[in-house]
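What follows is one structure encoded as structure tokens, with my remarks underneath.
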Amino acid sequence: MLEGVIGAQRAERLHTVAADFRSRLGNRVIWNFSSTAVSGGVAEMLQVLVGYVEDLGVDMRWTVISGDADFFTVTKRLHNRIHNLPGDGGPLGPAEAAHYDEVLAANAAALRDQVRPGDLVLLHDPQTAGMTSALVSRGAHVVWRCHIGADRQTDLTRSAWEFLRPRIAGADGYIFSRRAYTPSYLPDREIWVIPPSIDPYSAKNQYLDPANVRAILSLTGLIDGTRVEAPGTFVRRDGSAGTVTRPAVVVAEDLPDAGEPLLVQVSRWDRLKDMIGVMRGFADHVAGYGDARLILAGPAAAAVADDPEGAAVYAECLAAWHALPIDRRSRVVLATLPMADVDENAAMVNALQRQAWVIAQKSLAEGFGLTVAEGMWKARPVVGSAVGGIQDQIAEGTGILLPDPTDLSAFGKAVRDLLDDPARAERMGVAAQAFVRENYLGDVHLIRYAQLFGTLMNAEPRRS
């Protein structure tokens, strides 16, 4: 399992904690409920968490809730406001609250015969918060896990937290990625701070040799593949061999060569990720100073069910790309990666990050941003915004933090400095990988969850 990267001592501790936890858990089930099975940090974190817990002999299950377009419009408003951004500016009034509650009541009713008294339940993010009361009434131990937040509270953030307040009341505990994200009305004794983690063996993070990286990117259509002869391969979550066969949808004047300096940002098509800002910062402050290229990559927008803004944001990026002068536009590539096969998509992201000389995550706001740790795991320096969990991941000497994510000149200078000094970039990349190994791999994550669940099992379940 993880022993090959965390060492025998850490692996032994994990197995000891797991054995004790299994004996205390008995026949209880640990449930996870989220809003999507693909794309984004929550889905990827759950793939890791559920897989490792099952390997340790614990019964953990993951179910994706259903909702209509109006429901996900409401939850996207909550998502944006919790990040202190107005989003579409729409209301969170009685009509929105009623529809939100109706959708989640139907989801909770569908689980009536599955979740048993004494089971442990993790509800992930605002999309599932409204199920708290129904599951508590079943006698389950319910924890709401919030993966998002802002470092300071404003009228916008408070409006979202007040919407959620009655819907998360009564939970046994609350998990946040950072202490600063917690709303003031939650009692300290019920708050747990647990940062997420990455899986070093997943298709997104497993080692790929340079020839395989070139093959995957060539078959995907992201680099010039005239000299690639072998297929691009990877190992799936079940241990079987996978081959990249699906192309990305690529918008480019021409494709980068395998040896060209490359800046990469991979994220959802979300305004909080500021893909347009990355593009403009690169075009104005990097492209004219050398031969570097930029690839902005995200999932096929229609594949992310809980993000109704994705297609619109991609369309905005496409319009901004067309508006660039031809000499700058020719240095920028836009790509939407197919999501039909989650492992294949992950292998594409893996190859992109390994091909990069520098990785960007210039978010305007960020709950945690596992793409940072994923890039660091490939021993690449990351230029990231000093917001949210990004500032926890980029320690001194492992990358460059931008105090102001809207300062495109500073962003461009940081990227140029790393591209112009490969030795410094390499030192940062090595330090970055070591920092992730120490802080953001699965054993640290799982032990913290075992401590939380152990505390809950010592208490009587609440009943609403």
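Observations, loosely collected:
- Residue, surrounded by the most Cβ atoms within 10 Å (Cβ to Cβ), within segment 1-35, restricted to residues that are under 20 Å from TYR201 (Cα atoms) and in contact with an Asp or Glu (Cβ under 7 Å, 6 or more places away or on another chain): LEU14
- Looking only at residues of segment 304-318 that are open to solvent by 20 Å² or more (accessible area, probe 1.4 Å) and not in a helix (DSSP H, G or I), we find that the one that is modelled with the lowest pLDDT is ALA305.
- Hey, ALA410 on the phi < 0 side of the Ramachandran plot and touching a residue at least 12 places away in the same chain (Cβ under 8 Å) or not: no
- With respect to the conditions (1) open to solvent by less than 50 Å² (accessible area, probe 1.4 Å); (2) under 18 Å from SER267 (Cβ atoms), GLY442 lacks only one, and its number is (2).
- Restricting ASP151, ASP125 to residues that are acidic (Asp, Glu) and touching a strand residue (DSSP E or B) at 6+ places or on another chain (Cβ under 8 Å) narrows the list to ASP125.
- Qualifying residue in segment 379-397 (condition: among the hydrophobic types (A, V, I, L, M, F, W, C), within 30 Å of PHE72 (Cα to Cα), open to solvent by 20 Å² or more (accessible area, probe 1.4 Å) and in a helix (DSSP H, G or I)): no
- Filtered residues of segment 227-257 (kept if assigned to a loop (DSSP other than H, G, I, E, B), crowded, with 18+ Cβ neighbours inside 10 Å and among the small types (Gly, Ala, Ser)): GLY232, ALA248, ALA252
- Tallying residues that are outside any loop (DSSP other than H, G, I, E, B), open to solvent by 30 Å² or more (accessible area, probe 1.4 Å) and more than 14 Å from PRO381 (Cα to Cα) within segment 400-412 yields 3.
- Residues in segment 74-90 that are touching a residue at least 12 places away in the same chain (Cβ under 8 Å) and either of a type in the set (Ser, Thr, Tyr) or assigned to a loop (DSSP other than H, G, I, E, B) (or both): 8 in all.
- Taking segment 92-107 as the range and being open to solvent by 10 Å² or more (accessible area, probe 1.4 Å) and in a helix (DSSP H, G or I) as the test, the residues that pass are PRO94, ALA95, GLU96, ALA97, ALA98, HIS99, ASP101, GLU102, VAL103, ALA105, ALA106, ASN107.
- One residue stands out in segment 211-226 among those that are touching a helix residue (DSSP H, G or I) at 6+ places or on another chain (Cβ under 8 Å) and without any contact (Cβ under 8 Å) to a residue 40 or more places away in the chain: the one that is surrounded by the most Cβ atoms within 10 Å (Cβ to Cβ), namely GLY225.
- Residue satisfying all of: in segment 134-163; more than 22 Å from the chain's Cα centre (by Cα) and crowded, with 23+ Cβ neighbours inside 10 Å; nearest to LEU111 (Cα to Cα) among these: LEU135
- So GLU260, is it part of a loop (DSSP other than H, G, I, E, B) and either on the phi > 0 side of the Ramachandran plot or open to solvent by 50 Å² or more (accessible area, probe 1.4 Å) (or both): no
- Residue check, PRO200 open to solvent by 50 Å² or more (accessible area, probe 1.4 Å), assigned to a loop (DSSP other than H, G, I, E, B) and touching a strand residue (DSSP E or B) at 6+ places or on another chain (Cβ under 7 Å): no
- Close pairs from segment 36-62: first in contact (Cβ under 8 Å) with a residue 12 or more places away in the chain and surrounded by fewer than 20 Cβ atoms within 10 Å (Cβ to Cβ), partner polar (S, T, N, Q) and assigned to a helix (DSSP H, G or I), Cβ under 8 Å, at least 6 apart: VAL38/ASN345
Each row is one residue, and each column tells you yes or no for (1) farther than 26 Å from ALA211 by Cβ; (2) open to solvent by less than 40 Å² (accessible area, probe 1.4 Å); (3) not in a loop (DSSP other than H, G, I, E, B).
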| position | (1), (2), (3) |
| --- | --- |
| ALA320 | yes, yes, yes |
| ASP327 | yes, no, yes |
| THR336 | no, yes, yes |
| ALA340 | no, no, no |
| MET348 | no, yes, yes |
| ARG354 | no, yes, yes |
| ILE359 | no, yes, yes |
| GLY375 | no, yes, yes |
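- Criterion applied to ALA283, ALA301 was being open to solvent by 10 Å² or more (accessible area, probe 1.4 Å) and small (Gly, Ala, Ser), and the one residue passing it is ALA301.
Conditions tested, residue by residue: (1) among the hydrophobic types (A, V, I, L, M, F, W, C); (2) at pLDDT 90 or above; (3) part of a helix (DSSP H, G or I).
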residue: LEU418; (1), (2), (3): yes, yes, yes
residue: ALA432; (1), (2), (3): yes, yes, yes
residue: HIS445; (1), (2), (3): no, no, yes
residue: ALA450; (1), (2), (3): yes, yes, yes
residue: PHE453; (1), (2), (3): yes, yes, yes
residue: ALA459; (1), (2), (3): yes, no, no
residue: ARG463; (1), (2), (3): no, no, no
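- Of all residues making up segment 420-430, the number that are in contact (Cβ under 8 Å) with a residue 12 or more places away in the chain and part of a loop (DSSP other than H, G, I, E, B): 0
The values are calculated or read from the model by the stated rules, or taken from the named source; none is laboratory data. It should be emphasised that the depicted structure is a prediction, and the values quoted were computed from it without experimental measurement. All Cβ positions, even for glycine, are placed from backbone atoms using ideal geometry, and neighbour counts span all protein chains on display. Areas reflect the complete protein model, heavy atoms only, side chains present, ligands, DNA and RNA absent. Shrake-Rupley method; radii C 1.70, N 1.55, O 1.52, S 1.80 Å.
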